[in-house]
1. Among the GluC sites (Glu not before Pro) in region 132-180, which ones are in a DSSP loop with at most 12 other Cβ atoms within 10 Å of the Cβ? Mind listing them?
2. Can you list the residues of region 154-173 with backbone N under 13 Å from a point 7 Å past the Cα of Q148, pointing along Cα to Cβ?
3. Using the 10 angstrom Cβ neighbour count as an exposure proxy, how do T47, T123 rank, fewest first?
4. For region 1-70, what are Rg and Dmax over the alpha carbons, in angstrom?
5. Could you check the spin-label model distance between Q61 and L13? Points 7 Å from the Cα along Cα→Cβ, value in nm.
Amino acid sequence: MGTIWEQVERLLLKIAAEDLDPRIRSKVAPSDLVQRAFLGVQNGIETFVATDFSSFQNWAQTILKHVIIDERRAQFADRRDPMKEVGFNGSAGQAGAAEGQLLAKSSSPSSHFRKVEEYELLTLCRADLSEDYRRVIEFRIQENLEFQEVGLRMNRSAEAAAKLFGRGVIALKDALKKRLSASVSGKSRN
């Protein structure tokens, strides 16, 4: 029985791909339609009387045609017109034009305050670092300097500046974890 289903499936997939309205391809795949047709076949198999494989195939094709018609009706009903829908990467009827319309031109107030809080927390954590760690992080991150230039400003080689930066970032992470855990434990006591 498995090979019969596979043969019918290949045929139905071909038919579904050919008969599916191009305007609704982004909404439904041919394989979805074939799966629904197989459900119809499974539901009606007890009442179906076949004399040969060809009549079974024709019956399954008829069910698929009805599934395609039903899907087209659903997609083009008055309440829904796929050609008026706007996707994320194109224009009406295609995927895409809404992306620019959905994105806010500015950040939300909560986002702004979160950034301010994060900046203040990082400033406090940087104050916990040694002078060398603070300077190397400032040169590399804030001034966007290459390690060669950072090394020159700190009287070190580029390699030594890179290693110092790595240790500074680790120290900054540790200071951040320490402050965050103190903040969380302080909130839980309140």
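1. Values: sites: E138, E143, E146, E149, E159; in loops: E143, E146.
Loop-located and lightly packed - E143.
2. It comes to 158-159, nothing else.
3. Values: T47 6, T123 9.
Placing the least packed residue first, the sequence is T47, T123.
4. Using the Cα atoms of region 1-70, the pair Rg, Dmax is 12.0, 38 Å.
5. 1.9
We did not get these values from a lab; they are worked out from the coordinates using the rules stated. Because the structure is predicted, anything quoted here is derived from the model rather than measured. Every residue, glycine as well, gets a Cβ built from its backbone with ideal geometry; the counts of neighbours run over all protein chains shown.
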